[in-house]
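Chemist: My structure is below; once you've seen it, I'll send some questions.
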Amino acid sequence: MSTVTATVRKRIEAQGFCGLDDNTCAQINYPLRLSPAICMVWAAVGTALASPIILWSLVPFAALGAILPGHPFDVLYNYGLRHLLGTPALPHYGARRRFACALATLMLIVAAWGFQAGMPMLGYVMGWSLVAAAFVNVITGFCIPSFIVRILFGKVVCG
């Protein structure tokens with residue numbers, strides 16, 4: 001039986017994941033960071049190389065994360081890693097987590113377009129900003145886009 005701190009629960013609920021018991025929160029805390037980690041590395045490579053092709057190739061995955069009930073990269077965990085780890089599947093994404101994916105999609109589009117259109121500073125600013133935001137989520141579980149939504153629309157009220 002795993003335990004979860006109040007901070008971890010608060011950060012998971014801030015992303016719209018409500019109704020989870022402490023054990024589930026503890027078990028999905030790090031797996032929820034897998035998709036942002038993959039996106040972070042992919043975006044970092046594309047930004048470091050100033051490659052619109054690499055960034056454009058990530059856009060459909062980010063967009064699907066905003067549209068589908070889960071991110072396409074969650075498949076790696078839900079159909080593979082979780083069986084090895086003996087942990088539960090990731091819950092479906094709510095509006096706040098989908099907003100994070102939509103914002104990432106927009107930032108990727110602007111970064112890729114910036115590099116492609118000969119405006120590398122725009123590409124670097126958008127690309128590295130996305131990498132930084134994803135890094136914060138991967139390291140701490142704190143989701144900056146969910147925080148933005150909280151400021152605009154209020155705190156997620158669970159249960």
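The values are calculated or read from the model by the stated rules, or taken from the named source; none is laboratory data. Since this is a predicted model, take the numbers as computed values, not measurements. No Cβ is skipped: glycine too gets one built from the backbone with ideal geometry, and neighbour counts run over all protein chains shown. Accessible surface is based on the protein model in full, side chains and every heavy atom, while ligands, DNA and RNA are left aside. Shrake-Rupley method; radii C 1.70, N 1.55, O 1.52, S 1.80 Å.
Chemist: Please state the charge dipole magnitude for the chain, taken about the Cα centre, from unit charges on C-beta atoms (+1 on K and R, -1 on D and E), reported in debye and rounded to the nearest 20.
Modeler: Using only the charged Cβ atoms, the result is roughly 260 debye.
Chemist: What are the membrane-span-like helices in the chain by this rule: whole DSSP H runs, Cα extent along the axis at least 18 Å, mean Kyte-Doolittle hydropathy at least -0.5?
Modeler: 34-48, 52-67, 95-116, 120-140
Chemist: Please report the accessible area of I139 (heavy atoms, 1.4 Å probe, ligands and nucleic acids excluded) in Å², nearest 10.
Modeler: 100 Å²
Chemist: So, one more: Can you give me the convex hull volume of the Cα atoms of segment 36-77, divided per residue and expressed in Å³?
Modeler: 59 Å³
Chemist: While we're here: Convex hull over the Cα atoms of segment 4-65, averaged projected area in nm²?
Modeler: With every direction weighted equally, the projected area is 4.9 nm².
Chemist: Ignoring everything but the protein chains, give the 1.4 Å probe accessible area of H92 in square angstrom, nearest 10.
Modeler: 140 Å²
Chemist: Report the Cα-based extents of segment 94-145 along its three principal axes, largest first, to the nearest Å.
Modeler: 35, 22, 10
Chemist: Return the distance in nm (one decimal) between the two label points of a simple spin-label model at I148 and S129, each offset 7 Å from Cα along Cα→Cβ.
Modeler: My value for the distance between the label points is 0.8 nm.
Chemist: Shifting gears a bit: Provide Y93, Y30, Y79, Y124 ordered by accessible surface of protein heavy atoms (probe 1.4 Å), highest first.
Modeler: Y79, Y30, Y124, Y93
Chemist: Pull out the extension gain between L81 and M119, defined as 0.36 nm times the separation in residues minus the alpha carbon to alpha carbon distance; nm, one decimal.
Modeler: So the chain would gain 9.7 nm between L81 and M119.
Chemist: So with the 1.4 Å probe, I'd like the accessible area per residue for the chain, rounded to whole Å².
Modeler: Working: 8300 Å² over 159 residues.
For the chain, the per-residue accessible area is 52 Å².
Chemist: So how do F153, F142, F135 rank on accessible area, 1.4 Å probe, biggest first, that is with the largest at the start?
Modeler: F153, F135, F142
Chemist: Counting only protein heavy atoms and a 1.4 Å probe, tell me what percentage of segment 1-117's accessible area is made up of carbon and sulfur.
Modeler: 69 percent
Chemist: Next up: Dividing the alpha-carbon Rg of the chain by 2.2 N^0.38 Å yields what?
Modeler: Expressed relative to 2.2 N^0.38 Å, the Cα Rg reads 1.05.
Chemist: Suppose accessible area is computed on protein heavy atoms with a 1.4 Å probe; arrange W42, W113 from highest to lowest.
Modeler: Per-residue accessible area, sorted high to low, gives W113, W42.
Chemist: In square nanometres, what is one fourth of the surface area of the convex hull spanned by the alpha carbons of segment 66-159?
Modeler: With every direction weighted equally, the projected area is 7.8 nm².
Chemist: How much of the pair distance distribution for segment 57-120 lies past 13 Å, counting alpha-carbon pairs only, in percent?
Modeler: Every Cα pair in segment 57-120 considered, those over 13 Å come to 65 percent.
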